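The values are calculated or read from the model by the stated rules, or taken from the named source; none is laboratory data. Please read all numbers here as calculations on a predicted model, not as lab measurements. Please note: Cβ atoms are built from the backbone with ideal geometry, for glycine as well, and neighbour counts cover all protein chains shown.
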Amino acid sequence: MRDQDSDTIHRFGLSATKRMLVFTLLSLPLIAHSQGQPSAQPPDAIRATLQPLIDNQTIAGAVTLVATRDRILYLQPAGYRDLEQKAAMPPDAIFWIASTSKPMTVTAFMMLVDEGKVSVDDPVEKYLPEFHGQMVKAPKDANAPAPSGSPEPPQLVAPSHPILIREILSHTSGLPFKSSAQPGALDTLPLKDQVLSFAAEPLMFQPGTSYSYSNEGIDTAARIIEVVTGMSYKMFIQQRLFWPLGMKDTTFWPNSEQLTRLAETYKLDPKTKDLVKVPISQLTYPLDDRRHRFPMPAGGLFSTAADVSTFCRMILNGGTLKGIRYISPASLRAMTTVQNGGMDKQNYGFGWGITKNGFGHGGANKNAMDIDTTTGRIFIFMVQQDAPWGTPAGDTMVPTLEGIAENLVAQPAN
């Protein structure tokens, strides 16, 4: 999310308890073991990388998953779900995945494109008339004298064209990250009211001329889902994506049982160099409150490493999984190829950040989801860390783990 995860959006980017034995036994058909196979790596190179970072309180705990298009190669927790309680991280820990929600929301939206109900070249105002007549902030004159006293209101000009759906999906619409109606937490307004506030404020730049990471754009796409289908966004994405895929732990409202598996969020205290538990700043508590908390399509989902990997396996398999097609090859191609012209030195498709070897997305609390299409590797790193890592080893942690993941994929299967 802009203030906290713009530095991780292109860094695409699971912990031991009493659940470990049951989970492992249930997962035996999926988890590949390398017993008897020669390897230059330690028996668990991922844990060997993470344990020192847990010991020095760079992180409290994490869950790491490595998979291919047809199986999970590695799924292991490390460290603590709750550091103060010394509660070990379970492999099925629940994490706030923040902006990793974006590819899921856009996948749901592209289902409507496949059905011919919307076009990415349509203006947003075709479905949401409140956007008609939205103005644009005029560029500031660099030679103008600095204002004295109260700042003057921005000068507004007409847009060169109404914002298009393709622009809200690729962060090129000019919509800001969030509106003035969302000064704190981003889950306090129903989706309809959120979007009304977006349309009431001017664009930051002429549509299609620049790139600026925007929750508003993805949330607006979710509202279009509601208008086109007559169904709430939360129900549409559940019925069309999460339930068919078997993503039973993916939700905007973790229930009482899921909250017992929630990984707490930590932040480094710059003075003591210790990790301090903090709330999720972009969300409202209690997290299971369905009356006062509303879905945030651009970044409100909670999930597990296994659930996220199931979504990724569907994407890596060309939009299908277990014989069910979710999105067409054309929609998948549009999502996972550069759609923003590489503006602002960012390569972004529709809902996905584009890398040299594939695509992925990160989240505000530094979780990572990355798909390498050249090797067929899925890498999921689930962690809840607010603000910078604070150590050089923390800064290089995810790239190091991705390198180990590549080696796991390269090893011959049993």
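Keeping to the stretch 159-212, report how many residues are more than 26 Å from residue 252 (Cα to Cα) and surrounded by fewer than 16 Cβ atoms within 10 Å (Cβ to Cβ).
Summing the residues that are more than 26 Å from residue 252 (Cα to Cα) and surrounded by fewer than 16 Cβ atoms within 10 Å (Cβ to Cβ) in the stretch 159-212 gives 4.
Considering every residue within the stretch 151-159, establish whether at least one is modelled with pLDDT of 95 or more and either at positive phi or under 23 Å from the mean Cα position of the chain (by Cα) (or both).
no
Being buried (at least 22 other Cβ atoms within 10 Å of the Cβ) and of a type in the set (Gly, Ala, Ser) is the filter here, so list the residues in the stretch 213-243 that pass it.
Residues satisfying the conditions are 214, 217, 221, 222.
Which of the strands (runs of 3 or more DSSP E) found entirely inside the stretch 338-392 contain at least 1 residues meeting this: polar (S, T, N, Q) and in the same structural domain as residue 306 (by TED's automatic domain parsing)?
none
Mind listing just one residue for me: the one in the stretch 210-242 that is closer than 13 Å to residue 198 by Cβ and not hydrophobic (A, V, I, L, M, F, W, C) and, of those, nearest to the chain's Cα centre (by Cα)?
That would be 215.
Which of the following residues is touching a Lys or Arg at 6+ places or on another chain (Cβ under 8 Å) and under 23 Å from residue 114 (Cα atoms): 359, 350?
That would be 350, the only listed residue that is touching a Lys or Arg at 6+ places or on another chain (Cβ under 8 Å) and under 23 Å from residue 114 (Cα atoms).
One residue is enough: does the stretch 106-120 have a residue meeting the conditions closer than 30 Å to residue 277 by Cβ, within 14 Å of the chain's Cα centre (by Cα) and outside any loop (DSSP other than H, G, I, E, B)?
We begin by selecting, within the stretch 106-120, every residue closer than 30 Å to residue 277 by Cβ; these are none.
Checking the stretch 106-120: not a single residue is closer than 30 Å to residue 277 by Cβ, within 14 Å of the chain's Cα centre (by Cα) and outside any loop (DSSP other than H, G, I, E, B).
List pairs: first in the stretch 61-75 and assigned by TED's automatic domain parsing to the domain that holds residue 276 and within 20 Å of residue 365 (Cα to Cα), second among the aromatic types (Phe, Trp, Tyr) and surrounded by fewer than 24 Cβ atoms within 10 Å (Cβ to Cβ), Cβ under 8 Å, 6+ apart or cross-chain?
Pairs found: 64/74; 65/74; 66/74.
Answer with yes or no whether residue 223 is among the basic types (Lys, Arg) and over 18 Å from residue 384 (Cα atoms).
Yes; evaluated as a whole, the condition is true for this residue.
Have a look at 368, 330 and point out the one that is surrounded by fewer than 22 Cβ atoms within 10 Å (Cβ to Cβ) and of a type outside the set (Val, Ile, Thr).
Among 368, 330, only 330 is surrounded by fewer than 22 Cβ atoms within 10 Å (Cβ to Cβ) and of a type outside the set (Val, Ile, Thr).
Check 344, 386 and return the single one that is in contact with a Phe, Trp or Tyr (Cβ under 8 Å, 6 or more places away or on another chain) and at positive phi.
344
Being at pLDDT 95 or above, surrounded by 18 or more Cβ atoms within 10 Å (Cβ to Cβ), more than 24 Å from the chain's Cα centre (by Cα) and within 24 Å of residue 408 (Cα to Cα) narrows it down to one of 78, 62, 67, 45, so name that one.
Just one listed residue meets the conditions, 45.
Can you go through 343, 397, 335 and tell me which one is modelled with pLDDT under 95 and more than 24 Å from residue 248 (Cα to Cα)?
That would be 343, the only listed residue that is modelled with pLDDT under 95 and more than 24 Å from residue 248 (Cα to Cα).
Is there any pair linking a residue in the stretch 80-93 that is assigned by TED's automatic domain parsing to the domain that holds residue 310 to one that is of a type in the set (Lys, Arg) and assigned to a loop (DSSP other than H, G, I, E, B), with Cβ under 7 Å and at least six apart or on different chains, and which?
Sorted first by the residue in the stretch 80-93, then by its partner, the pairs are 80/86; 90/261; 92/261; 93/261.
Please note which helices (runs of 4 or more DSSP H) are completely contained in the stretch 162-244 and include at least 2 residues that are within 19 Å of residue 113 (Cβ to Cβ).
Fully inside the stretch 162-244 and qualifying: 165-169, 215-229, 233-237.
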